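Report on the structure given below.
No lab work stands behind these numbers, since they all come straight from the coordinates. From a predicted model like this one, the values you see are computed outputs, not experimental measurements. Cβ placement follows ideal geometry from the backbone for every residue including glycine, while neighbour counts extend to all protein chains displayed.
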Amino acid sequence: MFLCYSCTHSKQHSMASLKSSCPKVAVIGAGIIGLSTALCIKETLPLVDLTVIADKFDNDTLSSGAGGLFGPDVSIGPSEEVYRQWCRDSYDHFLSLLQSPDASIAGVIPLSGYDLSTTTEESVKTDVLVELIPSIRSVTEQELKLFPPEIRAGIFYTLFVVDCRRYLPWLKNRIELRGGKIRCSNIKSCEELAGQFDVLVNCTGMGSKHLFGDKYLTPVRGQVIKVSAPWIKHFYFAEHTYVIPGTDYVTLGGTKGLGNWRTDLSSHDRQSIWERCIRLVPSLEKAKILWEWVGLRPFRQPVRVEKETIKLNNGTQKVIHCYGHGSHGIGLSWGTAKHAVVLLQEMLNVSNYMSHL
Ligand SMILES: Cc1cc2nc3c(=O)[nH]c(=O)nc-3n(C[C@H](O)[C@H](O)[C@H](O)COP(=O)(O)OP(=O)(O)OC[C@H]3O[C@@H](n4cnc5c(N)ncnc54)[C@H](O)[C@@H]3O)c2cc1C
């Protein structure tokens, strides 16, 4: 006998009736946001009948090309309080993953480095960083001599980097181990899924522009160079230039093209990234270029983590949105996933849920 969380009152069910009464949920999207949200749902509400639907997986997603640094910044949440909670939840998640035997297979590594400024230390030392990492220290005069003269100040701290080329398959595997299903399909309209799921969780990133007609969602084009430079052990951030070593390669960036939809490589951007990175870390001149990449960050202010009931031709469909993470999808992924699960519990009217079958 089991306690079912789709009931408003506690009832006892046989295994057969329990299975047929479990809520059906589809997560649309298999980037870091979709897979994190799907796993968080299965970990919190294990009896949910969960399907992940997406037309791109693993290395074909935007998430797979990101530098992967957890970088709390100025708030991109609906409020400072909500944003800080997302940061704390993500930080706790990645910290506990770092301490688990799965850290390497999931592609999560601790990383220290320099966040540098051409003006003042305060311009990079955000309140949320100070709250999460009390051990932040100022860059010393001695260290400043290592950098070009326009660098005037900076901070040094330890965070972590997430390599999505490992993390996405790890998340997918964990979802499947917990009974979640994976379906490869392009969804042109929510009408296609009418009547199949109690709730749709929309984690389609830039796809939300067409699927849900979101006029506030804008691409921010980013180009990077992936290089082999195993001697680079720290991350370096200076204005729009960054060097982020990961598990298997170093990511050199970057560019931010607001409203730019172009996904082809720009030779101008390549030259600019290469010159800026070498100026910041001269030893990169000896790095071997592995590949180059362009991605469109799904930017929305604020990031949308919200409930909505949409009208279909025949009835309505409950939807939870979780998209628009811009430059911070890797860092905020677990925090917004936890938030989306709270909204799902409200939508399913969950008063009791079980941790074990
Ligand atoms: C150059 C660059 C560097 C970055 N570096 C960092 C960094 O260091 N740290 C950080 O935190 N963030 C970084 N980001 C940002 C980060 O990559 C994004 O915020 C994040 O990947 C967004 O994840 P997502 O799951 O929302 O989107 P995506 O990875 O694009 O996933 C969207 C999913 O939805 C699916 N989908 C969309 N539409 C449909 C449809 N109609 N039907 C079916 N499936 C659909 C897609 O197939 C895909 O599976 C960087 C981004 C770029 C471009």
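Points to keep in mind about this one:
- Cα gyration tensor shape for the stretch 213-274, rounded if a/c is under 1.5, else prolate or oblate: prolate
- Inter-label distance, nm, simple model (7 Å from Cα along the C-beta direction), THR119/GLU285: 3.2 nm
- Quarter the surface of the alpha carbon convex hull of the stretch 171-317 and you get the mean projected area, 11.8 square nanometres.
- If only the Cβ of Lys and Arg carry +1 and only the Cβ of Asp and Glu carry -1, the dipole of the chain around its Cα centre is close to 740 debye.
- Listed by chain and number, the lysines whose C-alpha is less than 23 Å from the C-alpha of LYS24, apart from same-chain residues fewer than 8 away, are LYS11, LYS42, LYS56, LYS172, LYS181, LYS188, LYS307, LYS311, LYS318, LYS338.
- Residues in the stretch 48-70 that a label on THR247 would reach, taking backbone N under 20 Å of a point 7 Å out along Cα→Cβ: 57-70
- For PHE57, the shell of other residues with beta-carbons less than 15 Å away shows a net charge of +3, using +1 for Lys and Arg and -1 for Asp and Glu.
- For the chain, the direction-averaged projected area of the alpha-carbon convex hull comes to 18.7 nm².
- Neighbour-count ranking [beta-carbon atoms within 10 angstrom, fewest first] of ARG276, ARG178, ARG262: ARG262, ARG178, ARG276
- Rounded to 5, the percent of DSSP beta bridges in the stretch 2-347 classed as antiparallel: 70 percent
- Residues SER135 and THR263, FRET efficiency given R0 of 56 Å [Cβ-Cβ distance, rounded to 0.05]: 0.90
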